[in-house]
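Please treat every number below as a calculation from the coordinates, not as lab data. These numbers come from a predicted model, not from an experiment. Don't worry about glycine lacking a Cβ; one is built from the backbone with ideal geometry, like all the others, and counts go over all protein chains shown.
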Amino acid sequence: MKIEGLTFSYGNNLIFEKVSFETNSKIAVLTGPSGCGKTTFLKIAAGWATPSTVSMDYNTKGTLLVIQEDAFLPWLSGIENIRFVLPEKVASIKNHALYEEVRSFIEKKAYEMSFGQRRCLEIFRAILAAPAILLLDEPFNFLDRSFRKAMVDSLLDVTHQQTQLIFTSHYNEDISDLSAEVFYLNGQFPYSNLIIKSK
């Protein structure tokens, strides 16, 4: 992923001005304090937010972003939520290594699940989609240790194929488990004429 000349603001609040970012790593992580612009950067990278200026060397249609807010339809079960977005992946669900981790609640309605269970299934759905670039915002929040390990293993598997993973995290454990290239945002706005470099 390569982004150049990024300028973006929320109203009169300038966040990025002529900022560049580049990584050739299969796995990269954005770290920094809360409110430092990590999620905004992912939304721009996914094409969810429109900057004033930017040059990208990839097509945002090949990206998939999973944000922290719950995106499941509450009246559908977990498996129905997956099928709703990925009808062509129905046969892959029960054959995937993650299925054993989620089988006890995948048939529940989304409103009956804990936030951690829904989070787990949202990431499962993203892994099944296997996009060119997978963007995850704090993917391991609310996951217990067993779910977290299963997710890490599956994310490593998908990056060994065609997917580049870029995620945000506050936790060193996430970074070390995924052997990610680390980028740091310090929260001092605006980021001006800056090249976001790995640590």
Filter the chymotrypsin sites (Phe, Trp or Tyr not before Pro) in the range 62-157 to those in DSSP coil with at most 10 other Cβ atoms within 10 Å of their Cβ, and list the result. W75
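From Cα pairs below 8 angstrom and at least 6 apart in sequence, can you work out the relative contact order of the chain, rounded to a whole percent?
Numbers: 352 pairs, mean separation 67.5, N = 199.
Here the relative contact order equals 34 percent.
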For the range 79-85, just list the computed ³J(HN,Hα) in residue order, Karplus coefficients 6.51, -1.76 and 1.60, θ = phi - 60°, integers in Hz, with x standing in for Gly and Pro. 5, 5, 5, 5, 5, 4, 8
Estimated dipole of the range 127-172 in Debye, rounded to 20 [Cβ of Lys and Arg +1, of Asp and Glu -1, Cα centre]: 100 debye
Rounded to two decimals, what ratio of Rg to Rh does the chain give with C-alpha atoms and a Kirkwood Rh? 0.98
On a straight-distance basis, which lysines could pair with K149 in a cross-link, Cα separation under 21 angstrom, same-chain partners fewer than 8 positions away excluded? K26, K94
Give the residue list of trypsin sites (Lys or Arg not before Pro) in the range 92-122 that are DSSP loop and have at most 14 other beta-carbon atoms within 10 angstrom. K94, R103
For the range 74-181, state which GluC sites (Glu not before Pro) are in a DSSP loop and have at most 15 other beta carbons lying within 10 Å of their beta carbon. E107
Hey, if you put +1 on the Cβ of every Lys and Arg and -1 on every Asp and Glu Cβ in the chain, which of P33, I82, T168 ends up farthest toward the positive end of that dipole? I82
Would you mind computing, in nm to one decimal, how far apart the modelled labels at S179 and S55 are, each placed 7 Å from Cα along Cα→Cβ? 3.3 nm
Using bins 10 angstrom wide from zero, how does P(r) for the range 23-84 break down, in % of all Cα pairs? 16, 41, 30, 13, 0
I'd like the distance separating the alpha-carbon centroids of the range 136-152 and the range 5-38, in whole Å. 23 Å
